[in-house]
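Everything below concerns the one structure shown next.
The values are calculated or read from the model by the stated rules, or taken from the named source; none is laboratory data. Worth saying up front: this structure is predicted, and the values here are computed from it rather than measured. Methodologically, a virtual Cβ is constructed for each residue, glycine included, from the backbone with ideal geometry; neighbour enumeration extends over all protein chains shown.
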Amino acid sequence: MVFNSLTFVVFFCCVLLLHSLPFSWNVKKVNLLVASYIFYSAWNPPFVLLLWLSTVVDWWAAQSIVRSTNPLRRRAWMLVSVIANLGVLAYFKYGKFLLANFTALLSTAGVHYVPPDFDIVLPVGISFYTFATMSYTLDVYLRRALPSRNFLDFALFVTFFPHLVAGPIMRPTELVPQFEEPRRADRQRLCFGLALVTLGLFMKVVLADGFLAQPTEIVYDSDKAPGMLDAWTATLAFSGQIFCDFAGYSTTAIGVAMCLGFALSDNFRFPYAAVGFSDFWRRWHITLSSYLRDYLYIPLGGNRHGEVRTYVSLMATMLIGGLWHGASWAFVVWGGLHGLYLSAERVLRKLFSGYRPGPAVFFGLGLLTYALVNVTWVFFRAKTFAKAWLVLNGMFGLNAAPVPQLAVVHLLSVAVIVGGIVAVHWRMRDTTVEAVLARVPTSILTISWAFMAFAIIIEQGAGSAFIYFQF
């Protein structure tokens, strides 16, 4: 079930109705738990078993860690959780990838091996809920948090449908305490939550799917060599598409949770106004960035053991972060480029530690950051390395005989929409949506809300899945 479908509208109305009835708090939590299972099973019912597996394994592992006084036994229970979670993730998400690379490695050694044909279906959102549940056991093991006192609260944390399949990646310490006491949105929070849902769906349905998907597909799904204008336009279109798609999902998820009385973490803070790549990752997919920092970069040594160790930890974190996005070497290259950017930025900051750029230079550095981010998006979007190089060659004017592919209407729509997105990000980079909305007259908010709702209804088609569902 996807947010941008009529099925979800009916589903959400039923959930809101049940949540507003005078049931006990435990009954309401059971309703939310059942609703979350229905939400997930609407895609593929058997994979609910994986949710149950993650829930039970991490619950018992955390409880056993707390009861154990022997350090070896505590570590053993932590490893049970990590191995179970990463084992399931490795099989379903990386099984084919690992087998294909193993076969290629044997082939280079002169061994001809024909692997069996495995038809592995990737469970939607498995990376998101695996990271969320595993953080629970790790936090308990590291004594950052106490285990949940109520199995129902923990089970609801794992499956809570707004964040279940594409984040934000919530920590148990952020969400489980919210299930302990009765929560229900007042009129103001309900209205604001519905406004966020409308904004998120507008970003996804109208901007990402309605305007930006087509020019991206025309260039990236073609075998023709693009020229500079087409290559840059398609790549900029994808930068806008993936932002509107993923930030649209996160905004919708936050709004849905708010309508029920719960708060989810922000996942985006106007990333295309970032100046530098450390700033970019403080603004893009914030919950994943903080997860990789706390559970990978810092345990690898972070910046505590000298410069060489810092760069190794940084590169390893970004390479693994790239692989988290998909079982493909292209995603590894995407993560590696961001690792190189972050390393280069660290070097430059040391060299120019006393330099304070003026407004023009600051803005120029922001545009350079955005341009380099777009170079990485090529590997994120292209289905093969050959296509990635073809687009990159086009972006730098190196294709010998480029073929025009995009119509004028595509060029204009991408320029207006993506230019508008970047302009809004720069206007909003040091503030929040809430602060801006508080200053806007009610009449303008009402008109804007009605316009977005009307545009969603007009544009709504088959309810295409969000890009990050594949991760």
Inside the stretch 210-236, can you point out the residues that are among the acidic types (Asp, Glu) and part of a helix (DSSP H, G or I)?
217, 230
Only one of 31, 4 is part of a loop (DSSP other than H, G, I, E, B), surrounded by 15 or more Cβ atoms within 10 Å (Cβ to Cβ), at negative phi and of a type outside the set (Phe, Trp, Tyr); which?
4
Those helices (runs of 4 or more DSSP H) completely within the stretch 237-331 that have 1 or more residues that are touching a helix residue (DSSP H, G or I) at 6+ places or on another chain (Cβ under 6 Å) and free of Cβ contacts under 8 Å to residues at least 40 places away in the same chain are 286-292, 307-325
Taking the conditions exactly as written (hydrophobic (A, V, I, L, M, F, W, C) and within 21 Å of residue 334 (Cα to Cα)), does residue 256 satisfy them or not?
no
Per the list (1) in contact (Cβ under 8 Å) with a residue 60 or more places away in the chain; (2) not in a helix (DSSP H, G or I), residue check on residue 22 breaks on (1)
Could you please give the count of residues in the stretch 434-449 that are touching a residue at least 40 places away in the same chain (Cβ under 8 Å) and of a type in the set (Val, Ile, Thr)?
0
Of the residues that sit in the stretch 112-138 and are part of a loop (DSSP other than H, G, I, E, B) and at pLDDT 80 or above, which one is farthest from residue 36 (Cα to Cα)?
123
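Please pick out the residue among 455, 400 that is assigned to a loop (DSSP other than H, G, I, E, B), closer than 30 Å to residue 382 by Cα and in contact (Cβ under 8 Å) with a residue 24 or more places away in the chain.
400 is the lone residue from the list that is assigned to a loop (DSSP other than H, G, I, E, B), closer than 30 Å to residue 382 by Cα and in contact (Cβ under 8 Å) with a residue 24 or more places away in the chain.
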Please find, among 185, 155, the residue that is closer than 18 Å to residue 12 by Cα and surrounded by 19 or more Cβ atoms within 10 Å (Cβ to Cβ).
185
Selection from the stretch 265-279 of residues surrounded by 23 or more Cβ atoms within 10 Å (Cβ to Cβ) and farther than 30 Å from residue 348 by Cβ yields none
Determine if the stretch 89-100 includes at least one residue that is under 30 Å from residue 70 (Cβ atoms), part of a helix (DSSP H, G or I) and either out of contact with any strand residue (DSSP E or B) (no Cβ under 7 Å at 6 or more places or on another chain) or modelled with pLDDT under 85 (or both).
yes
Among the residues of the stretch 381-396, which ones are of a type in the set (Val, Ile, Thr) and either surrounded by 17 or more Cβ atoms within 10 Å (Cβ to Cβ) or modelled with pLDDT of 95 or more (or both)?
391
Just to be sure, is residue 335 farther than 20 Å from residue 246 by Cβ and among the small types (Gly, Ala, Ser)?
no
